[in-house]
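Peer 1: Below: one structure in structure tokens.
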Amino acid sequence: MTAVQGVVSEEGADRKMPPGVLVEGPVVDAKFRDSYIAFGLMIGGSIAALVWAFTQGIGWVEISVFAGTFALSTVGIGFMHRYFVHRSFRCGPVMRTLLAAIATMAVQGSVLKWVSNHRRHHLHSDKPGDVHSPYYDGAGNPHVSFVKGMLHAQGGWVWDRETTDAEYYAKDILADPIAMFFTRTRWYWYAISAVFIPGAIGYALGGVHAMIGCVLFSGLFRSYVMTMATSLVNSVCHSDGRYGYRRFELNDGTTNELVTTILTFGEGLHNNHHRFPRDAYLSHAWYEIDINGLIILGLGKLGLVHDIFAAASLPGSDGGERSIPDPEAMVGSR
Ligand SMILES: [Zn+2]
Ligand SMILES: [Zn+2]
């Protein structure tokens, strides 16, 4: 796929859709291949995990490994979102390698794909061209009902006959050898996250029985549950005030929703995030607990990351007085 004069890819572009959306060609085919394999394994594994749990039983080993790897994946998606998509801080190559590894181990697609989709989401939030809006489907048509829209935002969008052009949205990722190494080797990292780490811990702590339980319950089932938790940000946190509350009146359906915020370690503060997309810390009140943001601030204190983007809610900042950043600033160094 080559970009034509930096505007739109020549092959597979849809004239009705905004630039940067591909509706046919090898990239769309590759997306379907990845999705069928990943969701086939996760959903098949989840069914097997539930059968195993009810027939063989699970114990503290499986539950602890589930909780630990769920937390690691949730932090990984926090870095995927705030570092690779929005560049809310800077760091050196060793740290970037670590962040790319745990981001990929969340089993939500490669860094390249996640970044491309999410930047497109911000540029067209809840408008035709949004990747996963409760209001418009993959062809840019309004959803026929609220429920259909929510289901599309929660997961149906993965099966839309189109995909995001990384040449348009993620030139910086394409030029980053570390991010591209993890993009190319994504399946190894999915396997390490969903099979090898849970299996090894299970075997060490409880032998073969716990190993099988951990792979199914704490590996494959956890990957699916964690992906569904992240997806609440696309559905619940774009529900236009039906769930959660709006701190800022924006031209989209974003809300802050506190259950999603707990489950996603802060990503559910999504109205705040759309208002200040580049902020590393999303909390604007004591009850808005942003664990991923606190981790980034902590890494900054340790000197492991730097140039943390001036968070609107931090003491000494100018609060809500800034204008909404322009799209170029929002998507970093595209
Ligand atoms: Zn959003
Ligand atoms: Zn974002």
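Peer 1: Conditions: (1) within 16 Å of ligand 2 (Cβ to nearest atom); (2) assigned to a helix (DSSP H, G or I); (3) loosely packed, with under 15 Cβ neighbours inside 10 Å; (4) not acidic (D, E). N251 meets all but one. Number of the miss?
Peer 2: Here N251 meets the rest and fails (2).
Peer 1: Separate question: Which numbered condition in (1) surrounded by 21 or more Cβ atoms within 10 Å (Cβ to Cβ); (2) under 30 Å from G202 (Cα atoms); (3) away from ligand 1 (no atom under 16 Å from the Cβ) is the only one that M80 fails?
Peer 2: Looking at each condition in turn, M80 falls short on (3).
Peer 1: Can we say F66 is surrounded by 14 or more Cβ atoms within 10 Å (Cβ to Cβ), within 20 Å of Y281 (Cα to Cα) and modelled with pLDDT of 95 or more?
Peer 2: Numbers: surrounded by 14 or more Cβ atoms within 10 Å (Cβ to Cβ): yes; within 20 Å of Y281 (Cα to Cα): no; modelled with pLDDT of 95 or more: yes.
It is false that F66 is surrounded by 14 or more Cβ atoms within 10 Å (Cβ to Cβ), within 20 Å of Y281 (Cα to Cα) and modelled with pLDDT of 95 or more.
Peer 1: State whether the residues of the range 87-103 include one that is within 16 Å of ligand 1 (Cβ to nearest atom), under 24 Å from V305 (Cβ atoms) and in contact with a helix residue (DSSP H, G or I) (Cβ under 6 Å, 6 or more places away or on another chain).
Peer 2: Within the range 87-103, one or more residues are within 16 Å of ligand 1 (Cβ to nearest atom), under 24 Å from V305 (Cβ atoms) and in contact with a helix residue (DSSP H, G or I) (Cβ under 6 Å, 6 or more places away or on another chain).
The values are calculated or read from the model by the stated rules, or taken from the named source; none is laboratory data. These figures come from a predicted structure and were not determined experimentally. All Cβ positions, glycine included, derive from the backbone under ideal geometry; neighbour counts span all protein chains shown.
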